[in-house]
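The values are calculated or read from the model by the stated rules, or taken from the named source; none is laboratory data. Remember, it's a predicted structure, so these values are computed and weren't measured experimentally. The accessibility values were calculated without ligands, DNA or RNA, using every heavy atom of the protein model including side chains. Shrake-Rupley method; radii C 1.70, N 1.55, O 1.52, S 1.80 Å.
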Amino acid sequence: MKVLANEVIQTLKDASFITEDFKIGKATLKKADGSGVRPAFEFLKDAIQENAIAEAVINVNKSVVIKLQSNIINLPLAYPAPVEKLTEAEREYDINVYAVIEAEDINPSHLRIDEIGTADDLIEGNPDLQLNFRDWLLEQFDRLDNKGKEEPKVEE
């Protein structure tokens with residue numbers, strides 16, 4: 001699935017992309033079969049077929065928000081200016097699916113974004129996309145769970 005950069009930029013500037021909130025707890029998200037996140041993936045799949053840019057916002061708890069977003073570049077949808085600077089307006093780009101985590105303890109910027117697949121993967125139901133997301137989630141939760149825990153020093 002491809003889209004012109006200027007269409008994406010205008011959508012981001014107008015904040016006219018489709019978004020929906022989900023409340024999904026950490027234990028549900030970590031399910032090995034990926035069933036906990038299925039509603040968010042289904043929403044995103046339907047939404048990007050209507051409008052190339054969309055997001056599913058997963059509220060895990062008060063301090064952790066995870067987003068599944070479609071975009072042409074690995075920047076959160078809230079930043080249209082950098083997208084405009086880093087793309088060519090009249091060029092078509094592939095739509096990709098990005099996983100975004102917003103949490104104070106994830107890193108110094110409190111935000112991490114990674115590509116987990118393509119819009120075509122999502123539309124075609126490629127199971128690797130959900131596996132990539134689950135693996136990414138486990139890695140992020142591991143970072144959060146181990147934040148501030150340092151390995152004990154072994155004295156010789």
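Within the straight-line cut-off of under 17 Å between alpha carbons, the lysines reachable from K45 are K2, K67, sequence neighbours fewer than 8 places apart in one chain being disregarded. At a probe radius of 1.4 angstrom, the accessible area of the chain per residue rounds to 56 square angstrom.
GNM remark for the chain: springs join alpha carbons under 10 Å apart, and the peak mean-square fluctuation among N146, N71, N61 falls on N146. With one equal scatterer per alpha carbon and no solvent term, the Debye-computed log10 I(q)/I(0) for the range 2-144 at 0.16, 0.18, 0.19 1/Å reads -0.80, -1.01, -1.12. Checking the cross-link pairs K23/K85; K23/K147; K13/K62 against a 31 Å limit on the alpha carbon distance flags K23/K85 as lying beyond it. Shown in residue order for the range 104-112 are the 3J(HN,Hα) couplings computed by the Karplus curve 6.51 cos²θ - 1.76 cosθ + 1.60 at θ = phi - 60°: 4, 8, 6, 5, x, 8, 6, 8, 9 Hz (x for Gly and Pro).
Relative contact order of the range 2-144: what whole-number percent is it, with Cα pairs under 8 angstrom and at least 6 residues apart? Walk me through the intermediate numbers first.
Numbers: 247 pairs, mean separation 35.7, N = 143.
Computed value for the range 2-144: 25 percent relative contact order.
Surface composition of the range 30-113: carbon plus sulfur atoms contribute 47% of the solvent-accessible area (1.4 Å probe, protein chains only, all chains present).
Please give the Cα centre distance for the range 21-41 versus the range 69-138, rounded to the nearest Å. Cα centroid of the range 21-41 versus Cα centroid of the range 69-138: 18 Å apart.
Rank T11, T28, T118 by mean-square fluctuation in a GNM of the chain with C-alpha springs under 10 angstrom and give only the top-ranked residue. Most flexible of the set in this elastic network: T28. Legend: residues K62, K23, K13, K30, sorted from most to least accessible area (1.4 Å probe; ligands, DNA and RNA excluded), read K62, K23, K13, K30.
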